[in-house]
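The structure appears below as structure tokens.
The values are calculated or read from the model by the stated rules, or taken from the named source; none is laboratory data. Not measured: the values here are computed from a predicted model. Cβ atoms come from the backbone with ideal geometry, glycine included; neighbour counts cover every protein chain shown. Areas reflect the complete protein model, heavy atoms only, side chains present, ligands, DNA and RNA absent. Shrake-Rupley method; radii C 1.70, N 1.55, O 1.52, S 1.80 Å.
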Amino acid sequence: MMLSGFFRLGVWQNFFRAWRGGYTGNLEGEGFTLGGVYVIGAGTQGVLLEHREKEFGDKVSLPSVLEAAEKIKPQAS
């Protein structure tokens, strides 16, 4: 996303939401890598949830993570 990320309204909204919530960060690292969350099931279940950040500060929904985690079935040994 590089420099264009600084001109996106959603990025600034996410920044102020985090700042109001008390998050300060450490300002270490390169800072231009977007993250993601994956919930992967056992055996052949595969990926149950995939969330990729589209812009800085884009958060995954906690209820969707919990719902996906509940779908994980134990693998038979």
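A few comments on the model shown:
- Being open to solvent by 70 Å² or more (accessible area, probe 1.4 Å), modelled with pLDDT of 95 or more and out of contact with any Phe, Trp or Tyr (no Cβ under 8 Å at 6 or more places or on another chain) holds for only one residue in L48, L9, L66, L3, and it is L66.
- Restricting the range 20-45 to residues that are open to solvent by 90 Å² or more (accessible area, probe 1.4 Å) and either charged (D, E, K, R) or in contact with a Phe, Trp or Tyr (Cβ under 9 Å, 6 or more places away or on another chain) (or both), the residue that is modelled with the highest pLDDT: R20
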